[in-house]
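These notes are about the structure you will find just below.
The values are calculated or read from the model by the stated rules, or taken from the named source; none is laboratory data. Just so it is clear, the model here is predicted, and its values are computed rather than measured. Here the Cβ positions follow ideal geometry from the backbone for every residue, glycine too, while neighbour counts run over all protein chains shown. Side chains are part of the model used for accessible areas, which takes the heavy atoms of the whole protein and leaves out ligands, DNA and RNA. Shrake-Rupley method; radii C 1.70, N 1.55, O 1.52, S 1.80 Å.
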Amino acid sequence: MAEKTGKKTGGKTRTWNASDLPDLSGRTAVVTGANSGIGFTAADALARSGAHVVFAVRDPERGRAAAARVNGSTEVRRLDLADLASVREFAAGWDRPLDLLINNAGVMMLPELSTKDGFEMQFGTNHLGHFALTNLLLPYLTDRVVTVSSGLHRGGVIHFADVNLRGTYQPTRAYAQSKLANLLFTLELQRRLTEAGSPVRALAAHPGYAATNLQSHTANPLARLGMRLGNLLVAQDDRGGTLPTLYAATQDLPGAGYVGPSGFGELRGAPALAGRSAAASDPVAARRLWTLSEEMTGVMWPLGVEAV
C-alpha cells in the first residue's frame, strides 16, 4: 500500500508539493506537451526551481505563449509525436547533455485516427512517439526519463496481433492499451539501462484524476459530459495532478518506479509509489513490446550494449 509523503513542519506533517523541489540550477529538462495541462504545470515548476526547460510542442506559437507565462529559463522547440520525421528532426537538433526527459504529451479516447506514419493515433502518439524520442535522446541523457501513464492502464491489453486495432477500434480500448504500453516501456527501458551500466533511471507517473483539457477531446459526447462533471466534483487541479510527475523526476526512487496520488483510488492526494496491474509488471510482454516498437519505428536501442 502506498504511503503518503510528507514533511514535518512545526510538529505537523504536510504533504509534499512543488515548493519541495530541489534547486535545479544548471539542469536541463525537456517536457513534451508543455503548452497546457500537467505538462505546463510541470514545466513551470521545474523552471521556477532553476532548470532550463525546453517546451517540446506540436504548435510552437502556442508553446511560446505558454513559455511566456513562466518565470524562469525556457525555450520552445517543435515536436509532433504523431510524426516520426518530426521526432527525428527534434532529436537531430539536440547536441548537449540532457538531465531530464518528461514524456508527458498524450491524446485520449479519440475517434479512430492515424498518425502520419499510419499508426493508430493513441498508440502512435502516447507510446511510439515517446519510444522513438527517448531512444534517440538517450545518448545525451544524464539522470532520468519520466513517462506519464494512467490508472486506466489497468484495463489495458497489448493487442500484439494488431496494435492498430483495425476493425476492432474502440477509443477506451486504444487509450488503455497505450497507457499500459507506457508502463511496459518503462519496465524494459530500466532493465536495459541497468544491463548497460547506465546511471539513467526510467520511472513512470500518473496524475490520478486531474482536471485538464485532455478529457475535452474524447470521442463520446456522453463521456465528455461525465468527465466535465468529474472535473467539477472529484478531480484535483492540474497542479495537484502534476505532483507525481515532479516527484518521480526529482526524488530518490527506484528505477522502474511508478508514482501516483496516495489518496482513495489513487485519484488525488500526495505523491507516492503507486500500484500497477499484473500486465504492467510482465517482463516478457515488456520485451516483446520493445521489439515490436523498434520494428514499427525503425528506432533501435542506442547504448551499444546488447540487452538480452
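Key figures for this structure:
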item: Relative contact order computed over the stretch 153-192 (Cα-Cα under 8 Å; 6+ residues apart), in percent; result: 51 percent
item: Among 138-146, 51-59, the order from most to least packed when residues are scored by Cβ within 10 Å on average; result: 51-59, 138-146
item: Estimated 222 nm signal from helices in the chain, with DSSP H stretches of n ≥ 4 weighted -39500 (n - 2.57), rounded to 500; result: -10500 deg cm²/dmol
item: Hull shadow area, averaged, the chain [alpha-carbon convex hull, nm²]; result: 15.7 nm²
item: Stretch gain in nm, segment SER277-ASP162, where the contour uses 0.36 nm per residue and the Cα spacing is subtracted; result: 39.2 nm
item: Packing rank of 40-48, 185-193, where each peptide gets the mean count of other beta carbons within 10 Å, highest leading; result: 40-48, 185-193
item: Mean Kyte hydropathy of -1.0 or more with a Cα span along the axis of at least 20 Å, helices from DSSP in the chain; result: 171-195, 283-297
item: Å² of accessible area per residue within the chain, as computed with a 1.4 Å probe and no ligands counted; result: 43 Å²
item: Among 116-127, 19-30, the order from most to least packed when residues are scored by Cβ within 10 Å on average; result: 116-127, 19-30
item: Heavy-atom accessible surface of the chain: percent carbon and sulfur, 1.4 Å; result: 53 percent
